[in-house]
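Here's the structure, in structure tokens; my notes come after.
Bear in mind that the values in this text are calculations on the coordinates, not laboratory data. What you are looking at is a predicted structure, and each value in this text was computed from that prediction instead of being measured. Neighbour counts run over all protein chains shown; Cβ positions are idealised from the backbone, glycine included.
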Amino acid sequence: MTLDEAPTAARLARLREVLAREQLDALLVSQPENRRWLSGFTGSAGWLLVSADLALFATDFRYYDQVALESPGFELVKVTTALAEVLPGMIQRTGARQVGFEADHATYANIQEWAEAAKACEWVLTKGLLTALRAVKDAAELAAVRAAIALTDEALAGVLPAIRPGMTEAELAWRIESYMRTHGAEAVAFELIVSSGPNSARPHARATQQPLQAGQPIIIDIGARVNGYCADLTRTFCLGQPADPARFWEVYTTVLRAQAAAETAIRPGMTGKEGDAVARDLIAAAGYGDNFGHGLGHGVGLAIHEEPRLSRIHTAALPAGALLTVEPGIYLPGWGGVRIEDMILLTENGAEVLSRSPKEPILPV
């Protein structure tokens, strides 16, 4: 077994344990991040059929050679028209009677087509089988994420000295993206957020042609993608002293205290709801409960948002080995917002904070 094959073999073994537990003979994998996690394949089209004994990879002409290079643990099945053309033969080879499909990705039309093509088996709805496995990161994944986090920290540090009043949100976002792409990132992990003044009161505002102004809050939410894995970092700044110093510092220090409290308290075995409550209760006690409307954090890996979650509705226990964001925020319409976000790794002893960017918000003008 080569080093490249080792993660695939271990991940297939974990999936096969789940299939046995769920009494499934095989699973058809269509979700892109799940496909990549299992096979190592970085292309954009393909389906995996995994049983206790076989690992089949169906794809079209564009990716035949790529599958051979990236997914040596899988047997290639060539598709010339559609998956339905080869699916009956694939299922027959596995001998599967109960075949699971990923209901949180496959469309109703997909299921109709597959069920019509392969009538001899029973199609079983599954949800979250692989996303639950992906929540616990292995050594290769942690190395990729650490590299993405380090590059994200570096990119922010690299552009901060150039920020000046009059620079637009879009220009700053592009400078950060350019830095990432020219220093080792294959892409950005998501559309970078730079929002200033009243725009920063919208948690997922898009960067606009709005010029940055001295004295106003500026939220910068960024992340690099390295070897397929994402990073996520948010800092809030002000160019010069705040125009409304009492409000800015009250909001900023409340968010910072909430984040620090959560990062100290969160540990494996705690539920996502309990972790969220650490920060949420502190913000509510300060009088800003209605201004923190999103969850405290989310898992990060091949996808920028994945399991597990820190929120008011997630009652599953947090596993050791998970990567999460901790990102409390307060958003005041008409004024602006403050969000501070780190990435953490859950260890047996608690949370290791991986993000290194400083949290001093005042930038010189």
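What is the angle, in °, between the Cα long axis of helix 83-94 and the longest principal axis of the Cα atoms in the chain? Nearest 10 is fine, range 0 to 90.
Once rounded, the angle reads 70 degrees.
Length gain on complete extension for the stretch Arg206 to Glu122, per 0.36 nm per residue less the alpha carbon to alpha carbon distance?
25.8 nm
Among bridges DSSP assigns within region 5-133, what percent are antiparallel (round to 5)?
If I count the DSSP bridges inside region 5-133, around 40 percent turn out antiparallel.
Extending each Cα 7 Å along its Cβ direction at Leu54 and Leu256, get the distance between those two points in nm, one decimal.
Inter-label distance under the simple model: 6.0 nm.
Relative to the present Cα-Cα distance, how much length would full extension add between Glu348 and His305 at 0.36 nm per residue of separation?
13.2 nm
Arranged by the count of other C-beta atoms within 10 angstrom, fewest first, what order do Ile220, Ile163, Ile340, Ile313 take?
Ile313, Ile163, Ile340, Ile220
Helix 108-117 versus the longest principal axis of the chain: what is the Cα-based angle in degrees, 0 to 90, to the nearest 10?
10 degrees
Can you classify region 1-131 as rounded, prolate or oblate using the Cα gyration tensor, where a ≥ b ≥ c are the square roots of its eigenvalues, rounded means a/c under 1.5, and otherwise it's prolate if a/b beats b/c and oblate if not?
Since a/c reaches 1.5 but b/c is at least a/b, the shape of region 1-131 is classed as oblate.
If the elastic network links every pair of Cα atoms under 10 Å, which of Ala185, Ala258, Ala243 fluctuates the most in the Gaussian network model of the chain?
Looking only at Ala185, Ala258, Ala243, the biggest GNM fluctuation is shown by Ala243.
Would you please give the FRET efficiency between Asp281 and Ala9, computed as 1/(1 + (r/R0)^6) with r the Cβ-Cβ distance and R0 = 45 Å, to the nearest 0.05?
0.50
Give the cross-link partners of Lys273 among the lysines, using a straight C-alpha distance below 28 Å as the criterion and excluding same-chain residues fewer than 8 apart.
Lys127, Lys137, Lys359
Could you work out the relative contact order of region 5-133, using alpha carbon pairs under 8 angstrom and six or more residues apart, expressed as a whole percent?
26 percent.
Do the sum for the chain: with -39,500 (n - 2.57) for every DSSP H run of n ≥ 4, divided by all residues, what is the mean residue ellipticity at 222 nm, to the nearest 500 deg cm²/dmol?
-11500 deg cm²/dmol
Answer rounded, prolate or oblate for region 182-270, using the Cα gyration tensor with square roots of eigenvalues a ≥ b ≥ c: rounded when a/c is under 1.5, else prolate when a/b is larger than b/c, else oblate.
Judged from the Cα gyration tensor, region 182-270 comes out oblate (a/c at least 1.5, b/c at or above a/b).
Given an 8 Å cut-off on Cα distances and at least 6 residues of separation, report the relative contact order of region 139-363 as a percent.
Rounded, it is 23 percent for region 139-363.
Using Cα centres only, tell me the gap between region 312-365 and region 177-214 in whole Å.
18 Å
Answer with one residue from Ala207, Ser178, Gly240: the one whose Cα lies farthest towards the positive end of the charge dipole of the chain, charges on Cβ with Lys, Arg +1 and Asp, Glu -1.
Gly240
FRET efficiency for Leu69 and Ala246, Cβ-Cβ distance as r, R0 = 51 Å, nearest 0.05?
Efficiency at R0 = 51 Å is approximately 0.30.
Taking the 0 to 90 degree range and rounding to the nearest ten, how far is the long axis of helix 5-21 tilted relative to the main principal axis of the chain, both from C-alpha atoms?
Approximately 80 degrees, to the nearest ten.
May I ask you to derive the FRET efficiency for Ile313 and Lys78 from their Cβ-Cβ distance with R0 = 41 Å, giving the value to the nearest 0.05?
E(calc), rounded to 0.05, equals 0.40.
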